[in-house]
Amino acid sequence: MRENDSVAVYFVHIMLYALRDQPARAGALLRQAGIDPAVLDDSSARVPATAFARLWLILIEALDDEFFHLDSHGMPLGSFALICRGLIQEPTLEKALRQCLGYFGLFLRDVRGILSLRGQRAVISLQSCIDDPQRRVYAEETLLVLVISLLCWLGGRRIAIDRTELTDARVRLEDDALLWGPNLQLGSGRTEVEFSADYLKLPVVQDLGALKTFLRSAPQGLVVRWRNQNGLAARVYRHLRQRDYDQWPTLLGLAGEVGLSPSSFRRKLEREGCSFQQIKDEVRRAMAFECLRDSDLSVAEIAAQTGFQEPSAFHRAFKKWTGESPGSYRQRLSAV
């Protein structure tokens, strides 16, 4: 984690939800972590990742709950380490993910996750009995962050998410595309995360030695790493998003722009769990979803804008991403 890494203040509000009626105590804990309490009044603010990590550790100690009192039962200190010890014994990400959801279910009472396979798609669905919409969205998003980040760590790579739906509406964040993929639907009435089932075939690559290092660096390795707006992957993502597809640089060209050799460029992306090609694919998906949602362009025009030589190739790719055709996706959104 680098000094200039930062996290949206939205996630600070999540951690402080249990202290919403205790502003003096919340302010004292924020100052202990090196965060000015005034930052809470600015919805667009960001806090340094190092301070966010300190606050995380301070709060779970203060609340005696690794789930920040977002669940009526919660997770006593040490629960997360216990879950991780069980997961590194599993041979594949599918077995690890099923066990992961089951382990969280042993502690949490108000929100539970279920994995289902729909053809070539893997879907994590959450079921919640929380009545308060604010606590519900906070609890659901926290559980998903923990599960997806753990899955990334266990597989040693970033999992590209193709669709995310959250039951309740919330503000949109600049972190959203990297956290939840290009197709995020807020206030949809259900909470699901969808990605390629191929990831579930990957082996678990972490062992006990790696776990000890991982736990010592928590929550940086768990949460901040996957919200890193200043890492190379995020910079590459933003660079491509700001340009038309036909203006995208090659790996060699972009490496030169950021002052790296091609080999160093690749290695830095690998350490962040992705590749240049994966980022390009994510941006193409983001462009496609955005055009289908927010423009009147034809499917053929969108295919051309996102770098597909033929509309039929775009249709096949989109169906692989979502399980439905571009036309069906657009029609379903217009009916909402």
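The values are calculated or read from the model by the stated rules, or taken from the named source; none is laboratory data. Computed from a predicted model, the values in this text were never measured in an experiment. In this analysis, Cβ positions are derived from the backbone assuming ideal geometry, glycine residues included, and neighbour counts consider all displayed protein chains.
Here are the numbers:
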| quantity | calculated |
| --- | --- |
| Residue match in the stretch 177-186 (condition: farther than 26 Å from Pro326 by Cβ, in a helix (DSSP H, G or I) and modelled with pLDDT under 90) | no |
| Any chance Ser6 is among the hydroxyl-bearing types (Ser, Thr, Tyr), farther than 14 Å from Thr142 by Cβ and crowded, with 17+ Cβ neighbours inside 10 Å | yes |
| Some residue of the stretch 150-158 being among the basic types (Lys, Arg), buried (at least 22 other Cβ atoms within 10 Å of the Cβ) and at pLDDT below 95 | yes |
| Failed item in (1) closer than 20 Å to Phe214 by Cβ; (2) surrounded by fewer than 18 Cβ atoms within 10 Å (Cβ to Cβ), with Gly102 passing the rest | (1) |
| Residues that are touching a residue at least 40 places away in the same chain (Cβ under 8 Å) and of a type in the set (Gly, Ala, Ser), drawn from the stretch 289-321 | Gly307 |
| Test: residue in the stretch 237-251 that is of a type in the set (A, V, I, L, M, F, W, C) and within 30 Å of Arg190 (Cβ to Cβ) | no |
| Close pairs (7 angstrom Cβ cut-off, 6 or more residues apart or separate chains): in contact (Cβ under 8 Å) with a residue 12 or more places away in the chain in the stretch 239-250, hydroxyl-bearing (Ser, Thr, Tyr) anywhere | Tyr245/Thr306 |
| The stretch 293-314, residues that are surrounded by fewer than 17 Cβ atoms within 10 Å (Cβ to Cβ) and within 19 Å of Arg332 (Cβ to Cβ) | Arg293, Asp294, Ser295, Asp296, Leu297, Ser298 |
| So Ala51, is it over 22 Å from Leu151 (Cα atoms) and in contact with a Gly (Cβ under 8 Å, 6 or more places away or on another chain) | yes |
| Residue in the stretch 39-49 that is aliphatic (A, V, I, L, M), modelled with pLDDT of 95 or more and either under 19 Å from Gln134 (Cβ atoms) or not assigned by TED's automatic domain parsing to the domain that holds Ala177 (or both) present | yes |
| Inter-residue pairs, beta-carbon under 7 Å, first of a type in the set (D, E, K, R) and in the stretch 69-92, second part of a helix (DSSP H, G or I) and at pLDDT 95 or above, 6+ apart | Asp71/Ala139; Glu90/Ala96; Glu90/Gln99 |
| Residue within the stretch 197-215 that is under 14 Å from the mean Cα position of the chain (by Cα) and under 20 Å from Leu101 (Cα atoms) present | no |
| Options Ala38, Ala96, Ala139, Ala53; residue that is of a type outside the set (D, E, K, R), touching a residue at least 60 places away in the same chain (Cβ under 8 Å) and farther than 19 Å from Glu192 by Cα | Ala53 |
| Among the candidates Arg112, Arg158, residue that is in contact with a strand residue (DSSP E or B) (Cβ under 6 Å, 6 or more places away or on another chain), in contact (Cβ under 8 Å) with a residue 12 or more places away in the chain and not small (Gly, Ala, Ser) | Arg112 |
| Flag if Gly74 is at pLDDT 95 or above and either crowded, with 22+ Cβ neighbours inside 10 Å or assigned by TED's automatic domain parsing to the domain that holds Phe195 (or both) | no |
